[in-house]
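Notes follow the structure.
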Amino acid sequence: MFGESSYRRGAERQMRKPVVGVIGNAHRVENRFQVQMVGERNLRAVAEVSGGLPMMFAGAPDITDIGALLDVVDGIVLTGARANVHPTRFNVDPCERHEPYDIHRDEVALALSVACVARGVPLFGICRGLQEMNVAFGGSLHPEIREIPGRMNHRMPRLENGEIHPDPTVVFADRHDVELTPGGAFARLLGCEKIRVNSLHGQGILDPGKRVLVEGVAEDGTIEAIRIAEAPTFALGVQWHAEYDPQHNPVNRKLFEAFGEALVARQRAAA
């Protein structure tokens with residue numbers, strides 16, 4: 001009886017959906033109520049394409065224990081966000097023009113990036129997440145990529161009056177090509193050496209971190225895809241918003257599917 005019960009519990013553990021921690025962002029509702037929030041597209045991408053159970057956790061170090069978190073999840077997604085990584089994280093003075101910042105998320109995400117790689121937990125960084133991964137491994141960022149001579153404006157499209165374009169299909173439309181490193185992880189995963197992606201960011205990688213390998217570059221030289229060298233599992237970052245349409249976009253679908261495969265492998269290894 002005991003043996004049968006133990007066997008059933010073991011089978012149930014192996015059959016459960018992989019749990020994916022998705023980092024939250026500080027936000028204030030009605031300028032009064034402090035909340036942590038995650039865009040629903042991130043959650044749906046994990047659930048519908050990676051096959052995982054998304055679990056939001058707070059980007060707040062006083063209530064998020066990274067060790068305890070990694071004990072219960074099979075992977076981590078560092079999402080995009082409006083806030084920039086604070087410049088003091090890469091030895092640059094802050095500037096009001098480049099606000100807002102989310103220093104509490106910085107603290108969690110940077111430490112978490114290193115911990116995931118060290119513990120072999122699959123890690124997927126998207127937009128700000130890519131930037132956090134780079135800074136975590138000693139890299140730097142430029143606060144406004146479009147200010148570098150020869151670079152395009154990577155920020156989201158706006159109307160003539162300065163307001164964000166109301167149509168999400170316009171905001172998230174593919175806007176530029178990315179050349180992938182021949183024979184690299186992204187080229188092998190996607191089966192090609194050039195892709196086209198959306199663009200909704202101001203900050204971007206300036207100097208790659210020590211273990212950060214550049215695997216994709218935009219037409220203007222902006223770094224768009226990275227992986228962490230010698231990571232034991234999936235540890236990839238993309239500058240574009242791959243969570244927008246992986247249900248239909250073949251590039252983003254392959255990325256989330258590959259992340260899902262890494263989740264299952266991690267789950268089996270831990271069983």
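The values are calculated or read from the model by the stated rules, or taken from the named source; none is laboratory data. Keep in mind it's a predicted model, so treat the numbers as computed, not measured. A quick note on method: Cβ atoms are made from the backbone with ideal geometry, for glycine too, and the neighbour counts reach across all protein chains shown. Please note that ligands, DNA and RNA were not included when accessible areas were found on the heavy atoms of the full protein model with its side chains. Shrake-Rupley method; radii C 1.70, N 1.55, O 1.52, S 1.80 Å.
A DSSP coil position with no more than 11 other Cβ atoms inside 10 Å describes the following GluC sites (Glu not before Pro) in the stretch 15-96: Glu30. For the stretch 139-220, the dipole from Cβ point charges (+1 on Lys and Arg, -1 on Asp and Glu) about the Cα centre works out to 280 debye, to the nearest 20.
Show me the trypsin sites (Lys or Arg not before Pro) within the stretch 205-271 that DSSP assigns to loop and that have at most 14 other Cβ atoms within 10 Å of their Cβ. Before the final figure, lay out the partial values.
Values: sites: Lys210, Arg211, Arg227, Arg253, Lys254, Arg266, Arg268; in loops: Lys210, Arg211.
Passing sites in the stretch 205-271 are Lys210.
Length available on full extension from Asn91 to Glu219: 0.36 nm per residue minus the Cα-Cα distance, which gives 43.3 nm. Plainly put, the stretch 1-157 has a radius of gyration that is 1.06 times its Kirkwood radius, both from alpha-carbon atoms, as the Rg/Rh ratio.
Modelled this way, with points 7 Å down the Cα-to-C-beta line, the labels at Asp177 and Arg16 are 4.7 nm from one another. Please find the FRET efficiency linking His27 to Ala229, where r is the Cβ-Cβ separation and R0 is fixed at 22 Å, and quote it to the nearest 0.05. FRET efficiency, His27 to Ala229: 0.05. Amide hydrogen proximity for Val73: with H placed 1.01 Å from N in the peptide plane, no residue at 5 or more positions away or on another chain lies under 5 Å. The value obtained for the chain, namely the Cα convex hull volume divided by the number of residues, is 149 Å³ per residue.
Heavy-atom accessible surface of the chain, averaged per residue, reaches 49 Å², computed with a 1.4 Å probe.
Listed by chain and number, the aspartates and glutamates whose alpha-carbon sits under 16 Å from that of Lys194, ignoring those within fewer than 8 places in the same chain, are Asp174, Asp177, Glu179, Glu215, Glu219, Asp220, Glu224.
Tell me the GluC sites (Glu not before Pro) within the stretch 197-261 that lie in a loop according to DSSP and have at most 10 other beta-carbon atoms within 10 Å.
Numbers: sites: Glu215, Glu219, Glu224, Glu230, Glu243, Glu257, Glu261; in loops: Glu219, Glu230, Glu243.
Of the GluC sites (Glu not before Pro), the ones in loops of the stretch 197-261 whose Cβ has at most 10 other Cβ atoms within 10 Å are Glu230.
Computed from point charges on the beta carbon alone (+1 for Lys and Arg, -1 for Asp and Glu), the dipole magnitude for the stretch 15-98 about its Cα centre is near 260 Debye. Spatial offset of the stretch 189-240 relative to the stretch 11-90 amounts to 21 Å, using the alpha carbon center of each.
Between the residues Ala225, Gln247, Ser50, the greatest Cα displacement towards the positive end of the dipole of the chain, with unit charges on the Cβ of Lys, Arg, Asp and Glu, is found for Ser50.
When the chain is treated as a GNM with alpha-carbon contacts under 10 Å, the residue of Val171, Val85, Val214 showing the greatest mean-square fluctuation is Val171.
Extension gain, Ala270-Arg146: 0.36 nm per intervening residue step, less the Cα-Cα distance, totals 40.2 nm.
Think of each Lys and Arg Cβ as +1 and each Asp and Glu Cβ as -1; about the Cα centre, that makes the dipole of the chain roughly 740 debye. Annotation: extensible slack from Glu193 through Ile103 equals 28.8 nm (criterion: 0.36 nm per residue apart, minus Cα-Cα distance). Just the protein heavy atoms count here, and of the accessible area of the chain at 1.4 Å, carbon and sulfur take up 52 percent.
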